[in-house]
Amino acid sequence: MQIDDTDRRILRHLLADAALPNAQIAERAGVTAATCWRRLERMQAAGLIAAPAAVINWRALGYEVEVSLRFSLDKTEPRAFDEFLAAARDVPEVIGIETFLGRVDVRLNVIARDMAQYQEIYRSRILTLPHIADIEALMLIATIKNESALPL
């Protein structure tokens, strides 16, 4: 799908504050509300804009610990990836799962209320995941930049 400068302006304002009503996005982008709505609908239909999502502040809900776990899996087992990912999806404290090419096969982002809870999750739910060859843990200290948008 080709987008023009008007689409880019609309997208910039949508990315800046997805909770803005259509009329305010239109005003800031310099178009009418009807034009803005039609363009947003067209971009959604084309798959350029995915469904809106809530961004949850886990710390505000009492989750003070976030750890990124990097896994290398036992590649001698043909179903290692599928079985590992299926089991990881069932761990409620896993808030992100990503797969990679290279030395690291999978990364899980895990949250916990404190270190004691993290230790329990790690021992009872993470170490029991199938086909683990190696694990590396990285504890999140601070998020400096967290943007999913390219400059438009």
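Just so you know, all these numbers are worked out from the coordinates, no wet-lab data involved. Quick caveat: nothing in here was measured; it's all calculated off a predicted structure. Heads up, the Cβs are rebuilt from the backbone with ideal geometry, glycines too, and the neighbour counts pull from every protein chain shown.
Observations on the model:
- Test: residue in the range 28-36 that is out of contact with any Lys or Arg (no Cβ under 9 Å at 6 or more places or on another chain), closer than 30 Å to residue 111 by Cα and part of a loop (DSSP other than H, G, I, E, B): no
- Tallying residues that are free of Cβ contacts under 8 Å to residues at least 60 places away in the same chain and within 22 Å of residue 138 (Cβ to Cβ) within the range 44-66 yields 9.
- Residue count for the range 100-127, restricted to those that are surrounded by 11 or more Cβ atoms within 10 Å (Cβ to Cβ) and more than 17 Å from residue 75 (Cβ to Cβ): 16
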